[in-house]
Every structure is written in structure tokens, then in C-alpha cells.
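The values are calculated or read from the model by the stated rules, or taken from the named source; none is laboratory data. All of these numbers come straight from a predicted model, not from anything done at the bench. We place every Cβ from the backbone using ideal geometry, glycine too, and count neighbours over all the protein chains shown. Surface areas here come from the heavy atoms of the whole protein model, side chains and all, with no ligands, DNA or RNA. Shrake-Rupley method; radii C 1.70, N 1.55, O 1.52, S 1.80 Å.
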Number of protein chains: 4
Amino acid sequence: MADCFGRYLRVTTFGESHGPAVGAVVEGLPAGLEVSLDEIRRLMDRRRPGASDLVSSRNEPDRVEVLSGVESGRTIGSPVALLIRNLDARPEEYRRTRKLFRPGHADFTWFEKFGRMPPSGGGRLSGRETAARVAAGALAMSFMASLGMKVRGYTLSVGPVSCRKVVPEFAEQHPLRCADPDVASEMTDVVRKASSSGDSVGGRIEVVAEGVPAGLGEPVFGKLDALLAGAMVSVGGVKGVEIGEGFRLCRLKGSEANDQMSREGFLSNRCGGTLGGISTGRPIVVRLAVKPTPSISNRQRTTGPDGEDADLEIHGRHDPCLCPRVVAVAEAMAALVIADAAIAQRTRNMDGYYYFFGPRARNGPPGV
Amino acid sequence: MADCFGRYLRVTTFGESHGPAVGAVVEGLPAGLEVSLDEIRRLMDRRRPGASDLVSSRNEPDRVEVLSGVESGRTIGSPVALLIRNLDARPEEYRRTRKLFRPGHADFTWFEKFGRMPPSGGGRLSGRETAARVAAGALAMSFMASLGMKVRGYTLSVGPVSCRKVVPEFAEQHPLRCADPDVASEMTDVVRKASSSGDSVGGRIEVVAEGVPAGLGEPVFGKLDALLAGAMVSVGGVKGVEIGEGFRLCRLKGSEANDQMSREGFLSNRCGGTLGGISTGRPIVVRLAVKPTPSISNRQRTTGPDGEDADLEIHGRHDPCLCPRVVAVAEAMAALVIADAAIAQRTRNMDGYYYFFGPRARNGPPGV
Amino acid sequence: MADCFGRYLRVTTFGESHGPAVGAVVEGLPAGLEVSLDEIRRLMDRRRPGASDLVSSRNEPDRVEVLSGVESGRTIGSPVALLIRNLDARPEEYRRTRKLFRPGHADFTWFEKFGRMPPSGGGRLSGRETAARVAAGALAMSFMASLGMKVRGYTLSVGPVSCRKVVPEFAEQHPLRCADPDVASEMTDVVRKASSSGDSVGGRIEVVAEGVPAGLGEPVFGKLDALLAGAMVSVGGVKGVEIGEGFRLCRLKGSEANDQMSREGFLSNRCGGTLGGISTGRPIVVRLAVKPTPSISNRQRTTGPDGEDADLEIHGRHDPCLCPRVVAVAEAMAALVIADAAIAQRTRNMDGYYYFFGPRARNGPPGV
Amino acid sequence: MADCFGRYLRVTTFGESHGPAVGAVVEGLPAGLEVSLDEIRRLMDRRRPGASDLVSSRNEPDRVEVLSGVESGRTIGSPVALLIRNLDARPEEYRRTRKLFRPGHADFTWFEKFGRMPPSGGGRLSGRETAARVAAGALAMSFMASLGMKVRGYTLSVGPVSCRKVVPEFAEQHPLRCADPDVASEMTDVVRKASSSGDSVGGRIEVVAEGVPAGLGEPVFGKLDALLAGAMVSVGGVKGVEIGEGFRLCRLKGSEANDQMSREGFLSNRCGGTLGGISTGRPIVVRLAVKPTPSISNRQRTTGPDGEDADLEIHGRHDPCLCPRVVAVAEAMAALVIADAAIAQRTRNMDGYYYFFGPRARNGPPGV
């Protein structure tokens, strides 16, 4: 059950990095949801390697085939199976490294878990697996869009370079998804320099969900922020997550941290759009710590199943910085969590779905 | 299903802050596990209010009654139901605040979700609910202990005061669970000052699990760190989480971040004990951001279901800093996640359970 | 997870026959559902031993304490915990039998599974456990009632005596739940005779759910009839189940078995109210095979953990026929399955919940 | 979640009858299990149409492509995705019937559920879907075989013709899977006659699992027989299920129904291999009621979404008797349930897996 994500909207993914295919089965989408193959393609392209010299040169077209659950462009209530063939797999490139545990990778832990080395390129624990998440996330985004919700992410920092402002449209165009035009070239330099010196670099990502109505998320283990945190850390390379002001709140007093309210709504959004794990109606804000790509060509000390000391230099097609690719995956995971919570909310009241802030919305919401 | 946590080891909790009781049903413990009521009591006492002037004066004995699943001090394979009566509930103290949304609390979001105000004191979203988690966690800790694993947590910082070293035994005795004797009195002062000025203060907590064998955790949505992250953020007041070096990794290069290896094992533990979401055999390290207690007596702006602007001062029995109480809850959640993964691992190989680092362990694992 | 039942409406039960208590935690009920303690009591009384000389003389008041999830007589959206103390437990009566495997009971299989004998009276696998199901089912019935649905069961045959007609009101009053006044005394005689000769007797039960709208149940593993079948066989002593005409359909031709339709609806209901596992809007009909009570005072050959041959006569407080008690449990299980499906249906369409047969209903569904 | 089956061994199926493909994702298989494509093919062929004039002439090669989770002929611990293309789909044949509700089919109920007609040929609720179950079941059977367990099924009766003895090897060769050579030609005649008169016929199937050790299955909602019953009724056309003597037990006394024991083991197997829902070590016996194929060319009364009365004759490629095809599916479902229980059993004891009957087995079993 560890390859399955979500509760009412459930995604089961499968596939290894250099096997025949990766894919996902998405259960629980309401019947009648419009599904656009173009939109799926657009979102797949955002994640896709080969888009610039700042990411791996593995060239996967990532064409998504919809095997089931959709007829005449709409869901029919059955599970939607999504298939993505691996066309540029080159397992032979991993021949040497398969005898050694690559530092920072899951080779050693996989070996300890299963008693054998993982398949080429990390197999199931390669970044390749996230293609299936993005495809599934595209369906969740369509559901969100039907209710006026939207998710977007961008890179907030790389190594020592941090954005000072956020221009989402700029991020959309920039190969690193850098959110600030003023620091973009500096950020690019950091990545290029790491790459050319056989190294890699980490960074931070922010994902924001807008239009999310108040009331989504469930006490106590279905809290929206808890599910988001778990979802984000399930993405390879993510080692930390914050909701709203996150770690900055530790240094504040209650009077500084609380978001006070007036009849117009919240006066601030330090909580990042959730209180008690339930959405407030304000934007949901999540930040991720992304570690540097573990595959580097610099020499590293390691060992292998035979228990001998060894040195290792990893050559191949690797991203010097994971951030741009993780942006698309983090958006997808956020969409899956929020769409799931929106579907769940349909079951939570005897007399309807939502109650909104202010007299306007008291008249009752449509749709969800 | 949002009140249920875990996969192979499953905990369902119930209960409101000022209702008759809170409790938990724990499914999936192997038969024959020794269960010590004294140990449960000891762990409940760690979380318990009334232990010092730094925490709420609500006085709950938190006696845990074992209703099922245990005979002659051992589990029998049936679900273990744990019942904790609420004896010091005072719902009347919340009469005034129930007409207003308390800033930083889930009153507003609960109202938007369910169309009515939550029960007194936050009901299900009160800190009271965590008593059930600690009781369930005590069983998970017994299971961990049977395999040589142990979890411990402590406060790493409060407001601006941070520990510079960690002395677990000291933390155990200190009412704030402060890990560093050298900064303990300064930390206490910060909390006292916040309290006396009608305010509260946030902090950071660290939880470490030792003795965890390599190989626990599942690709891709059952990663140990992902489950830990989700578990931690499901605790009220936690707004961020890091695994290992966490957000510090964002500023590093791959050559600085990777944990290299020799035949003796890992040369560092920056990853915090997981690679690819699977345990490495090194200590598992998780850090939490805890926001300041939202209940403060300082005046705050707010509104209520009637849509009128109002001012609110909250008086009552509240902790000025959540950290010492969250320590016990975070330990419990870590234990539930890790015990779950250890049980899951029993099902993952055709020919046995574990493979350990080094020739010694090749001879085969014990118990799990 | 084997002590948990349902998907959207989830029940976790706990408790052993001669332990302190049995109980249930019910998750997923919508907020605002009216909960009547009197109704719970009435349903508990239907299942309860001691009601006549035809059932066990164990005298349990079966008072249900609601520990959480209800305020002012309505659900609040949190899990509802239900506690039933065991007050007439007499574990000492089982002292002798605990050294032997009682034929027809789970003593041997429990021993093989867990390596030790089960607790007194079968522990978790005693009929006592079903008290928790009936209490949980009472909540499901309240939900069903709010939508105009109703479940009722009765005994259809005992030993060789079969009902030739069904008078539900009569069954309600009869201690064996016999549905046919004309055969009731004959049926009673069969049970008395079995009892007085140290034996027991089996029978058949029918459960009918009325008012269930078309459209409940999910392809392919969430079929309403599949869930009902699994639910029924999970009740101790039930060894067979039929939907609609069931085994009689095996002997028919398609032209005889199909339920044809006109614009007025179905012309027959041989399918028992489900097609493709989805409700048709006609009554849902399920029949159960109940084996004779395994506890009999006649001498039986057996063995025990020590591997010696032995003879066994079981004396104690046992029902000579399980049917009247199973009726209440089967109704509860049917209610849990159908209420679950009704809640699930809320999530299945983009544009609303239900579509009904005929032009009248096109105007739109009520509540669910 | 209704397209997902199992707990520790989990199968998610997808695909419509006349869409691009059907398939399954199988999670939870231990790493290192040998997977034989030839064996999968052999089992697919057993279910496959086109094998004789007694089944539909739809000609699907049913080649199973393994997309993931297997390397060098063994499972690696990742989910195994199985893909079966629909190559002989002819949606146009359903053009006329798509305007009417086919009696005995799920057209009406699907329409009521989702507000639109199902896809051609019943879409998700067609027998085509079971190809995915058989493919997944083949993996479960491999797991069972590794522990010495085996499942086999056969047709026990068709219309009025019943087997008087069971010769499994004969059933294996017979196109109807008839178990008794003496009645086989009579049985064939019944099917031919029904077919030639534009009709169809029902029957009964028996599935037996041998080599299943004692101790599999979980109280109280994970009982082996309850899961088997639910699994069987989830197969299209199955309207009843019995365990062991099933409905015959209703007419017996306890002294006749109980399986007594000696030190050698059970003296009979009327319970069908489960007591308290846990396996006894004796063969597990399940019987199914299969209704006549609903698609018949005889004229039937019906209606459609437009609410007009209509007559319908269904022509096309349909089986006159579902039994031979259901045999393969029922075997697959039994294998999935039992393999799941065997994996679950690995987690149920502190000190090992199984305890067996008799002194021999006390030394402890390997393997599971």
C-alpha cells in the first residue's frame, strides 16, 4: 500500500527508471470531469528533462496514454490509468555503479531492505517515478480548476541565492523556475558553476494554492498541512517542509504569530492558509527544502555489497539542481492533496458542503 | 478515515477536549508483546499538564484503562483499546469565547467546515486529543524496545534561545525539556516573561530514534521520512519539519551534503538516517517548528459567526509554550511510524526480513 | 486493519467476550446527524441475550456509552466512540474448556494462529463482539432513516421448518424472529427439542433494505452485493449468503432470471436489488445460512494443545439457535454497508448526487 | 478505493471492455518471488474466450505485458503493473443497445449512478474486466505455490445437471470445466440447447484451496471466509456463495455440523476449512451461484434513458453460460485472498509465524 497515495482521490503509481514504463492509476475522480490531454502534456513538459542545459539530457517525450476511465473527454467514474513509456532508458550506463552504493542515493538502503541492489538508476526510487505523479496531478488540477482553485510553484532559492520577490509569470518561463528576475542570472550562474566543477547544488521551493475555500482538511490525521507535508517529503530529495511562516514562527510570540481577523476576514496569513489543519480560505503556502543532487562526478568514498572500500565518480545524465523539476512534482502533490480534501468535504455534513466567510457566501456555494 | 493513523500498525483516536473521554484503538500489534501499564503511565506523565508552572494548570490524572487486547500483560493479537477519562473538563470556561473565533485556533475553520462552532476548548482539535496519541505511542515504544530501538525528544530552542549542545538526561528532568543545561534558565525566563505579559512563545523540538535497523520505510509514498513529516505536522501547533540537516542542505553542494561511506559504514549522518525514505541504520533525526500557543490574554481583533468585529482576551489554563508537551507527542508519533515500518518490513522479502551492514549481520537478523 | 470495516463510513471494533468491555469507533458520519440514545438502546435490546428461554441466559444490560463525537444529540463530524461494559462476564466457567479445542469453535485455529489459546469464551471471536457492531449499526440506521431507507431482518427457517410467508411485524415480536405466524410454534419446538437434548440447530435469515435509491455501490470491488456478502460472512456462524434469488438462479435460464423493465420500472426483483453491484432502487434482499451453535452439551471428540485425545461436553450459557441474535447483527451490517455506499455516492459525480428512475425524480434528489 | 482489492497484497484494476486496455497494479508482493510469464499466459488462456463454441467468439489474445516490479524473472519489491490490450474491441456492435437498458445488466444502475449510459459493452462492469483479476491472481498463485498451496476450481452444475463426483483433471480439459465425466455431455447439451434457443443458463462452481496452513485469516472483519465471500460476489454474475457445507448446515444440528477432532486432526471438514474465519489446515471449500448470462437474443421488455417502453433482442458475442469463464476468475480471487492472508500472518506474532497441528510441525515452519 506504500505505492498508493490519497484517501478519496487515490493514486497508485508504478514503474522503474529504466524499465518499460512508469504510470499511475487514479481512482475516485467524480464522473463528468473534463480531462484535457493538452493540459496533461503541458504539465508533463514542465517537469521534463531536456528543457535546458541546466537539467539532465535524458530525452523522454513523456507522452501520456490514457488507458481507461475517460470517454469523449470526460471521466466516467472508473479509474483513470495513465501510461508513460520509458523510451530513453539506458540501463547499461549504470553497470559500474551497480556494484557500489552511490552516496546520497538509496542504493545501500534498498540493498539492506531487499537483499539485492536496486534496478538501474535507482529503479523505483529514481526521479523518473515522479513523471507518474505529475500525470496524476494534472487530473487533480483539472478538478481543482473546475472549482476555481489553482496551484503554482517556483524556486525560491538555490545555494546562497534567494529571491527577494515573487513574479510567478517570470518563474514560469525561467529554466530554473526562479521567481525573481533580479536574481535569476546569479542563480543560473550558481548552478552552472556547480555543474562545471562536477558538483551539484540545493535550493528551496515554494508552492501556493489559491482559491481554496475554507473548510478543507480533516481532524486529526487528515489535516491539510499534515498531508501536504507528508506528500512533499515523499518526493525524492526533499528534506524539509514548512507551512506558512514555518520555522520563523518558532522565534515569535503568540501576539506576533496569530493571524487576527475582522469581519472582512484574516488580517494576515502567517499560518499559510490552515488552522487546525483546515483551510482558512486564504492561500495555502508550503515551502520545501531540496537537497543537492546526490549524483556528482566528483570523487566520493563509498563501499558496496562486497564490503570493500572504493572511490566513485558518477558520470551520466544528471540534473545539477533538482529544483526546477521538483517544482512540477510539488505542484502535482499539492493538487492531489487538495483535490482529495475537496472530495472528502462532500461527505462531511448532513445539509450541504461548505460554509463561507461573510454574508455573501452564506447563500451557499455551488459545485463542490 | 482521518482519525486513523498508520498502515500495518493502525491507531484510531477519538474524543473531545471537554467531552467524557479521549482514547485510542491500536490494531496490528503482534501477539505476545509485553505491555507495561507502568511504562504507559510514565509516558503519560511526561506529557501531562500540571507538572510545573510553565504549563497549563488543567489537572488531569490521565489514567489509561486498557479495555481489550491484553491478557496477562501481553498482547493477544486483538486490537488494544485505551480509554482516558476527562476528569478536569470545564466547558463553562469557554462560554464567552464560543461566540468568537479565537485567533490562531481552528474555531473559524471548524465553523466553515461543519457549519457550527466546535465544542468547548476546540473539541477534537484541542491539545487534549494528543493524550490518546501518547498512550498509543507507548505501545509502539514497547514494540520498538523489543527490537532494541528507542525514541527520545527534547526542546532545541524557545524564542531566541537555542541549545548549543544536547544532554538528553538533562532534558528528561527539565520542565521545558530543554536539552542544554547552560541555556536552561535563560529559556525558562523567556517562557515566564511571555506568560507574565499575557503572551506566549514558540520553539523547536528534535526527536531522535536510535537502534533503528537499515531497511525500514517503503518506496514511494511510504517513505519513512515522509510518514514522519506527516505525523509531526498532524500534531497541533507544528508548522514545519526537517529530516537530518533539513533546510541547511539547501545551501550546500552535493559534495558537502552527501554522506559518504566506508566499509565501516556512513562517515556522517546529514541525511538524518534515511536515504530514499528508507532507514540507513544511523539515528533518525527529525526537527519540528512549534508555533507560539495561540491562546493569549493580550487583546486581539477577531470576529464570530455573527459577522461582527470584536476584541478578545483569552483567560484560562493555557501553556505559555507548547514545546514541553509536544515533545512527548512527537516521540509517540515517531514511535508509531517506525514500529509500523518495522512490522511492514516483515512482509517485504521472500527469504527473511533484514539484511544488515557488515559481515556480522549477514548471519541473520533476530526477532523482527 | 482487520478490525476495521467500511470505507467512507468506517467502524473499528474492539473487545473480548470476558474482558472489561467491547466497543466501536465510528468514523465518517456527516456532521449534524441526529443520534437517539433510545434508538440505540432499542436496537441493542433486540440482539440481547436473556430475552427468552430460547437464548443464552448471560445477562448483559448492554448499556452503550457515547464517549465522543456527539453534542446536543447530533454528530459533530468527529469519530463517535461507543463503549459497552461487560458486566456479566464469567471467565472461570471456561477454565476446563480452555485446555481443549471446542469443536466448531475457533479455539484450534486461534491457537495455530497466535501460538496460545484464545481468551475465555473465544475472546475476540465470541458472539459478544457483535454487540459493538449493533451499536455502530444503530448510527448507520439513523443515517439511513434520514434518507428514507430502512433495514429489517427475520428468521426464514430453523432446522427443517421454513416460513411460507413473511410478516415482519410478527417477527419483530417473536423470540426467534420467526417471520411466519403459522410455523412459529413448530419452529420454537425444534429449538426447544434441540436444546433439551443437549444439541443446537441452524437456520436461515433474510435481511431486506427498503427505500435504497438506485445508484449505490461501486464497480468493481465496491459492489454493494459483494460488500454485503463479505459483511454477512464476517458474522460468526454465517456460512453462506445469497443475493436475491441466489442459488435458485443457477437452475434458471436467462429469460427466466433477468428482471425485465417497463417505463414504470422493474417487472420483478429476482436480482435482489442490485445489478452490476449497484442498487436498482428496488428492495435489497440478502439471505444468510447460519450454522447450528457449536457449543453443545452432547459429548464430542476433540484434542488440545497437549495433543491428547479427549471427550468434551460443553455446559454454560449458550444459545441453542443463533438465528434470533444474528438477525440484529445482520441488520446492523447491512446498514453499515448501505450507509457507507450512500456516503460514497456523494463523491461520484461532478454535477450532483443521484439520478432517479422516471421523470419525477429527474427534478433532483433530496438530501444525500 | 472501490477498484482496489486486498490489504497487504493489494490489487488495483482498471480498464473498460471496449477501451484501449485493461490491467492491474499489484502491490505488496515480497521481493524475490519467481514470476513466470508462461504460467501467467497459461492461466490467462484458461479464462479466455474463443476456446470453444460454448463461449463467446470474441477473440482476445490476452497477452500480459509486465510493465514494472520484475527483474530477471523475480519480483523486486515494487508494484507489478500488468497491461492487457483490448485488440478485438468492437464498440460499434453496442450502438443500438446503448439507447436501452439491457435487462440483467448494469446499464440502468450505471445510468442512475453516473447520470449517463455506461461505455460500450458495460465498460467497467463487463466480464472483460476480469482478465486483469486473472493476471493479478497468477502472481498470487505463484506466491501460494512457493508455500505449497494450490487453488483449483470447476463447474459443479449447469442448469439442472449436477456433478456427482469431482475429477479435477477432467474439469481441466473440459470446455465447461465440468468436474464429472459422467455428466459432461449432458451438461454440454444443456448449454448448447440454451444457446440455440437464444437463451442462456446458470450454474454452480466450486473452488478448493489445498495446502493452506492453519492460522490464516483475521478476526473479525478479516475472516478468511468473509473475504472469500466478498471476493466471489464481486465477480460479475455471482449471486451467492457458500463456505463448506454452507446452506446445508442450516438444516443440521450442532452434533451433526461440528467437525470433531482427534490427535490426528479434524475428523471431517463440513466447515470448509475455516473456523472463526481462520484456516484449519484442511482444504478451503467455496461454492458459487452463477446466474445465467443476461445477454440473450430472446426478446425482452425494457426501457431506456428516454423513458419509453421498448423490446430488445441482444445479438453479439456472448457466452451462453458464464461458468467456465468464472472458474478462472474465482480461482484468481481465492488466490488473492489467501496470499494476502499469508502475508498478513507474517506480522501477527512476536516470536514467529505459524504453529501447526501435531508434534512434527512444532519445530517450526520456514518460509511464510
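Per residue of A:149-158, other chain Cβ atoms within 10 Å of the residue Cβ number 1 on average.
Counting from the shortest, the label point at D:Ser262, 7 Å from Cα toward Cβ, is 6.5, 6.8, 9.1 nm from the same position in each remaining copy.
Relative to the longest principal axis of the Cα atoms of chain A, the long axis of helix A:130-146 makes an angle of roughly 10 degrees.
Using C-alpha pairs under 8 Å with a sequence gap of at least 6, the mean separation divided by the residue count of chain D gives a relative contact order of 21 percent. Buried between D and C is an accessible area of approximately 8700 Å², summed over both sides with a 1.4 Å probe. Of the residues A:His105, A:Gln173, A:Ala335, the one whose Cα sits farthest towards the positive end of the charge dipole of segment A:4-350 is A:His105 (charges of +1 on Lys and Arg Cβ, -1 on Asp and Glu Cβ, taken about the Cα centre). In segment C:4-350, the ratio of gyration radius to Kirkwood radius, Rg to Rh, stands at 0.98 when only Cα atoms are counted.
The dipole here belongs to segment A:4-350: it is taken about the Cα centre, uses +1 on the Cβ of Lys and Arg and -1 on the Cβ of Asp and Glu, and is about 380 debye.
Helix A:323-345 axis versus longest C-alpha principal axis of chain A: approximately 40°, rounded to the nearest ten. Computed over the protein assembly as shown, the percent of Cα pairs more than 50 Å apart is 29. Looking down the axis that turns chain A into chain C, the chain A residue with its beta carbon nearest that axis, and the gap rounded to whole angstrom, comes out as A:Arg346, 2. Roughly how many whole Å is it from the C-alpha centroid of segment B:5-29 to that of segment B:272-329? Result: 21 Å between the Cα centres.
As an exercise, use a Förster radius of 60 Å and the Cβ-Cβ distance of C:Asp182 and B:Asp351 to find the FRET efficiency, rounded to the nearest 0.05.
Rounded to the nearest 0.05, the efficiency is 0.40.
Residues of segment A:222-256 whose accessible area (probe 1.4 Å, heavy atoms of protein chains only) drops by at least 40 Å² once all protein chains are present, relative to their chain alone: A:Lys223, A:Ala226, A:Val233, A:Ser234, A:Lys239, A:Phe247, A:Leu249, A:Cys250, A:Arg251, A:Lys253, A:Gly254, A:Ser255. Placing a label point 7 Å from the Cα of A:Pro160 along the Cα-to-Cβ direction, the distances to the matching points in the other copies come to 2.6, 9.4, 9.7 nm, shortest first.
Each part reduced to its alpha carbon centroid, segment C:203-227 and segment D:152-223 end up 26 Å apart. When you filter the GluC sites (Glu not before Pro) in segment D:289-340 for DSSP loop state and at most 12 other Cβ atoms inside 10 Å of their Cβ, you are left with D:Glu308, D:Glu313. Between the C-alpha center of segment A:60-136 and that of segment B:59-91 there is a gap of 44 Å.
Across segment B:191-201, rounded Karplus estimates of 3J(HN,Hα) from the backbone phi angles (6.51 cos²θ - 1.76 cosθ + 1.60, θ = phi - 60°) give 5, 4, 5, 4, 4, 6, 9, x, 10, 9, 8 Hz, Gly and Pro being marked x. Here's the picture: a label point sits 7 Å out from the Cα of A:Arg164 along the beta-carbon direction, and within segment A:286-320 nothing has its amide nitrogen under 19 Å of it. Tally up the carbon and sulfur contribution to the accessible surface of the protein assembly as shown as a whole percent, 1.4 Å probe, everything protein left in place. For the protein assembly as shown, the apolar C and S fraction of the accessible surface comes to 47 percent.
Between copies, C:Arg90 shows label-point distances of 4.8, 7.2, 8.0 nm, shortest first, with the point placed 7 angstrom from Cα along Cα to C-beta.
Dipole magnitude for segment A:104-231: computed about the Cα centre from +1 point charges on Lys and Arg Cβ and -1 point charges on Asp and Glu Cβ, it is near 300 debye. For chain D, the longest principal axis of the alpha carbon atoms and the long axis of helix D:37-47 meet at an angle near 50°. In order along segment C:99-113, the Karplus-derived 3J(HN,Hα) couplings, from 6.51 cos²θ - 1.76 cosθ + 1.60 at θ = phi - 60°, round to 8, 10, 7, 6, x, x, 9, 8, 4, 5, 5, 4, 4, 5, 6 Hz, and Gly and Pro are given as x. Exposed loop trypsin sites (Lys or Arg not before Pro) only (DSSP loop, at most 14 other Cβ atoms within 10 Å): please give the longest stretch of chain C free of them, not including the sites. The longest such stretch corresponds to C:166-298.
A 1.4 Å probe run over the protein chains yields, for chain D, 31 Å² of accessible area per residue, whole-number rounding.
For peptide D:282-290, how many partner chain Cβ atoms fall within 10 Å of a residue's Cβ, on average? All intermediate terms of the calculation are to be shown ahead of the outcome.
On the way: counts 0, 0, 0, 0, 1, 3, 2, 11, 3.
Partner Cβ neighbours, averaged per residue: 2.
Karplus-derived 3J(HN,Hα) values for segment D:280-294, using 6.51 cos²θ - 1.76 cosθ + 1.60 with θ = phi - 60°, are 9, x, 8, x, 8, 10, 10, 10, 10, 9, 10, 6, x, 3, x Hz; glycine and proline are entered as x.
Taking amide H atoms as placed 1.01 Å from N in the peptide plane, the amide H of C:Ala21 lies under 5 Å from those of C:Glu16, C:Asn86, each 5 or more residues away in sequence or on another chain.
What you get for segment A:1-115, charging only the Cβ of Lys and Arg (+1) and of Asp and Glu (-1), is a dipole of about 380 debye around the Cα centre.
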